[in-house]
Structures are given as C-alpha cells and as structure tokens.
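I have placed the structure first, in the form of structure tokens, so that the comments after it can refer back to it.
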Amino acid sequence: MPVPAPDVVRAADAELAVTDLPRARRFWVDALGFVAIEEDDEVIYLRGYEEFLHHSLVLRKAPEPGLRRLAYRVRTPEDVQRAKEFFAAKGLPTQEVPAGTTRGIGEAVRVEDPLGFPVEFFHHAEHGPRHVQRYDLRRGAEPARIDHFNVLTPDVQAAHDFYAELGFRTSETIEDDDQLYAAWMFRKPTVHDIAFTGGAGPRLHHIAFFVPESHHILRACDILGATADHAHIERGPGRHGVSNAFYLYLRDPDGHRLELYTSDYYTGDPDHPTSRWSVQDPRRRDFWGHDVVPSWYREGSTAFGLDGKPKPLVHPPVSEETVHVGADGIGVATEAQLQQP
Ligand SMILES: O=C1C=CC(S(=O)(=O)O)=CC1(O)O
Ligand SMILES: [Fe+2]
C-alpha cells in the first residue's frame, strides 16, 4: 500500500548559514529592504512585506556558509506526520523537530530528500504583522514574499520524478531528445516552488523572492550601484524565457544567490500545460537572448545534511553549459572549468 504524500501548500521558509551576521544584515535588510522581524547576535529572522507568517528566511551565524534547510508549509497538522511516513517509507533520513526549534514555527519534520537536500515540512506557524500597506516602512526592493527554491542536482530527471511523486506538477522544462536539463515544478498556482538546474549537487542554486513590480528590481540595482556594492549583481536584470518573469540575480556576502522575481503567471487549473523549451533556444533563460554568465551555471551553496555535515558533490555526465552554443556565448566549457567549486 503506497504511503500518501503530504499535501504541500508552498515553498515557505529557508535557513542559510552565514559567516558574518552584521555584514549579511547590511545586505539583506539595509540594501534590499527585507524586514528583520526578530534577531539576536546569532540569528536574524527575515520576511517580506506581504507575508504574515513569522518569517520566510533565517540567517544563522556559522563558521561555514551553506544551506541548512528548505521548508515547505503543509495544509494540515496531519500532513507533517504524513511527510515523515512518506520519506521514512523510502528509507530516507527523517528527524522530528519540536515546536519552537525555529522561532515562530510549530512542530515539523526534517528529512533528506533523494537528491540529498535538507527539507522541512511544517504546518503551525505564528502570525506576525503584515506590512503590505505600510508604505511608510517599505524600503529597498520591497520584497513581498518568498516564491521558490532552485537547486543544483546531477540528475534532473530523477529529481523531477521524485517531486512528481510528492505531488508537484511541472510548468516548464528545458530539454532535448536525450535529456531533461532543467525543470520547474509547483504546488502553489504559480510557475514553481522548486526548480532543478542540472549541475554538481546537492547544492542550493538560489532562493527567490517575489517583488511587486519590475521597477523594484531596477531600484535594487540602483541602490547597489549607489553604495558601490554593484559586485553583488551577478545576472540581469532581464526577462526570463522560462516563467516569463522579470528577474535579477544577486550574490550575498557569503556567495548565497538570491533572485528578485516578478510577473510570472498563474498555473492553477488542473489541466495546466507544461511549456517545453529546447536547450538550443537562446531565449529560454533570457527571452532577449542575453548570455548566462558562467558563474550562474557553475556556482552554488553547499548543502548541509541532517547531521550538519556538508553533502559530498556528485557531478553530472553532461551539463547544459557544455551543450548549448549561441546566446550564452560560452561554447563548450572544458571539463576542468566545470570542476570549479
Ligand atoms: O525562477 C526561474 C525562472 C526561470 C529561469 S531561466 O533562467 O529562465 O531558466 C531561472 C529560474 O529558475 O531562476
Ligand atoms: Fe528562480
């Protein structure tokens, strides 16, 4: 008898290890405008202006930077137990997490998914004040809410198939006749809650936050330029082919990548079709055909397992970067180049 999957509502929370908390705060709060809802010398809890749960991102001081967990909200308290049973039935590591282990989050279960990522499922969460119309407080890029996770994994097909078992549907792919190079999958009725980028993994590629309008992305660029922090800008601003979203990728002081993202589209009908892009289409990742910088394909954040240790990397046989020639202008990256950490 198959164990039923938990009813996942959406990507809801994540925790990043950062090596210098005041430096991280200057970037995430002072420059980008995230709301620090609670903080001390060890940890900062951040949220967007539209959010009402306690937080949607935790920055925790640590000797080494990395991803400590990706967290999904599930629909009922019973779905937390269902998640435990679903992953345990597959022989995957699971950990019960008492309420309050993360401020504002009730009892949860932490697992390692088959890709090697630390993933948490929770239901109960404290509500905090919504700042959606506190225009007197809104600053920086005015981040609204957490939108999705993107992870680097050597086998996108296997990742896709597992998350389909978990009840995620597929909005877009990048593929050719031989393989699936990337996939975007959702539970909430937008383009994705999780995306898989082919590459050495398990590593976090980025966490994305929705901003209200494209001008908030331009403002983030202007703010970083004004403070001579322009080196944090990695890729964009631009228009994605996949998702049709307007985007900007930034790297925080520890190298963690975040995406500011807006104006993707609704996917809530039961027969929503999957949009399939050819890996040879130069508009797939940037609709205007702009290059994808090599670091965007090659670099990511270390993932820590449930034991707190860095997960060893598995390299893919073929990477999108080595296949695609054209708008990316990269041509065929050498194996040595791809081995860069
Ligand atoms: O959110 C996203 C939507 C689209 C793209 S891509 O660069 O257009 O593939 C990347 C992304 O996963 O960050
Ligand atoms: Fe993204």
Just wondering, is there one or more residues in the range 9-25 that are under 12 Å from ASP252 (Cα atoms), free of Cβ contacts under 8 Å to residues at least 40 places away in the same chain and open to solvent by 10 Å² or more (accessible area, probe 1.4 Å)?
-> yes
With the condition kept exactly as written, say whether any residue in the range 155-169 is acidic (Asp, Glu), touching a helix residue (DSSP H, G or I) at 6+ places or on another chain (Cβ under 8 Å) and buried (at least 19 other Cβ atoms within 10 Å of the Cβ).
-> no
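Considering only residues that are more than 21 Å from ASP178 (Cα to Cα), within 9 Å of ligand 1 (Cβ to nearest atom) and not in a loop (DSSP other than H, G, I, E, B), which ones fall in the range 258-278? So that I can check it myself, show each step before the final result.
Initial filter on the range 258-278 (more than 21 Å from ASP178 (Cα to Cα)): 258-273.
Retained after the next criterion (residues that are within 9 Å of ligand 1 (Cβ to nearest atom)): 259, 261, 264.
If the condition is that a residue be more than 21 Å from ASP178 (Cα to Cα), within 9 Å of ligand 1 (Cβ to nearest atom) and not in a loop (DSSP other than H, G, I, E, B), then GLU259, TYR261 are the ones that fit.
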Cβ pairs under 6 Å, 6+ apart, first in the range 214-226 and among the hydrophobic types (A, V, I, L, M, F, W, C), second assigned to a helix (DSSP H, G or I) and surrounded by 14 or more Cβ atoms within 10 Å (Cβ to Cβ) = ILE223/ALA31; LEU224/HIS232
Look at the range 170-181 and say how many of its residues are among the hydrophobic types (A, V, I, L, M, F, W, C) and surrounded by fewer than 24 Cβ atoms within 10 Å (Cβ to Cβ).
-> 1
If you check every pair at least six apart or on different chains, which have Cβ atoms under 8 Å apart with a residue in the range 133-149 that is closer than 27 Å to ARG187 by Cβ first and a residue that is away from ligand 1 (no atom under 15 Å from the Cβ) and among the aromatic types (Phe, Trp, Tyr) second?
-> GLU142/TYR49; PRO143/PHE34; PRO143/TYR49; ALA144/TYR49
For the range 182-207, enumerate the residues that are in contact with a Pro (Cβ under 8 Å, 6 or more places away or on another chain) and buried (at least 24 other Cβ atoms within 10 Å of the Cβ).
-> GLY198, GLY199, GLY201
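With the structure loaded, tell me whether PRO253 is within 19 Å of HIS205 (Cβ to Cβ) and away from ligand 1 (no atom under 14 Å from the Cβ) or whether it fails that test. Quick ask: steps written out before the conclusion?
Details: within 19 Å of HIS205 (Cβ to Cβ): yes; away from ligand 1 (no atom under 14 Å from the Cβ): yes.
Criteria met by PRO253.
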Scanning the range 177-227 residue by residue, those assigned to a loop (DSSP other than H, G, I, E, B) and either within 16 Å of ligand 1 (Cβ to nearest atom) or under 14 Å from the mean Cα position of the chain (by Cα) (or both) turn out to be GLN179, ARG187, LYS188, PRO189, THR190, VAL191, HIS192, ASP193, GLY199, PRO202, VAL211
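Of these, ASP307, ASP281, which one is within 30 Å of PHE121 (Cβ to Cβ) and either open to solvent by 10 Å² or more (accessible area, probe 1.4 Å) or within 13 Å of ligand 1 (Cβ to nearest atom) (or both)? Show your work before the answer.
On the way: ASP281 fails: within 30 Å of PHE121 (Cβ to Cβ).
Step by step, each of ASP307, ASP281 is checked, and only ASP307 is within 30 Å of PHE121 (Cβ to Cβ) and either open to solvent by 10 Å² or more (accessible area, probe 1.4 Å) or within 13 Å of ligand 1 (Cβ to nearest atom) (or both).
Which one of these is part of a loop (DSSP other than H, G, I, E, B), under 22 Å from the mean Cα position of the chain (by Cα) and surrounded by fewer than 19 Cβ atoms within 10 Å (Cβ to Cβ): ARG103, ARG134, ARG139?
Working: ARG134 fails: under 22 Å from the mean Cα position of the chain (by Cα); ARG139 fails: under 22 Å from the mean Cα position of the chain (by Cα).
Step by step, each of ARG103, ARG134, ARG139 is checked, and only ARG103 is part of a loop (DSSP other than H, G, I, E, B), under 22 Å from the mean Cα position of the chain (by Cα) and surrounded by fewer than 19 Cβ atoms within 10 Å (Cβ to Cβ).
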Go through the range 208-231 and count every residue that is open to solvent by 40 Å² or more (accessible area, probe 1.4 Å) and within 16 Å of ligand 2 (Cβ to nearest atom).
-> 1
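Would you check if GLU78 is at pLDDT 95 or above, under 20 Å from the mean Cα position of the chain (by Cα) and not in a strand (DSSP E or B)? Steps first, answer last, please.
Details: at pLDDT 95 or above: yes; under 20 Å from the mean Cα position of the chain (by Cα): no; not in a strand (DSSP E or B): yes.
It is false that GLU78 is at pLDDT 95 or above, under 20 Å from the mean Cα position of the chain (by Cα) and not in a strand (DSSP E or B).
The values are calculated or read from the model by the stated rules, or taken from the named source; none is laboratory data. Because the structure is predicted, anything quoted here is derived from the model rather than measured. Methodologically, a virtual Cβ is constructed for each residue, glycine included, from the backbone with ideal geometry; neighbour enumeration extends over all protein chains shown. For the accessible areas, the whole protein counts, side chains as well, though only heavy atoms, and no ligand, DNA or RNA atoms are used. Shrake-Rupley method; radii C 1.70, N 1.55, O 1.52, S 1.80 Å.
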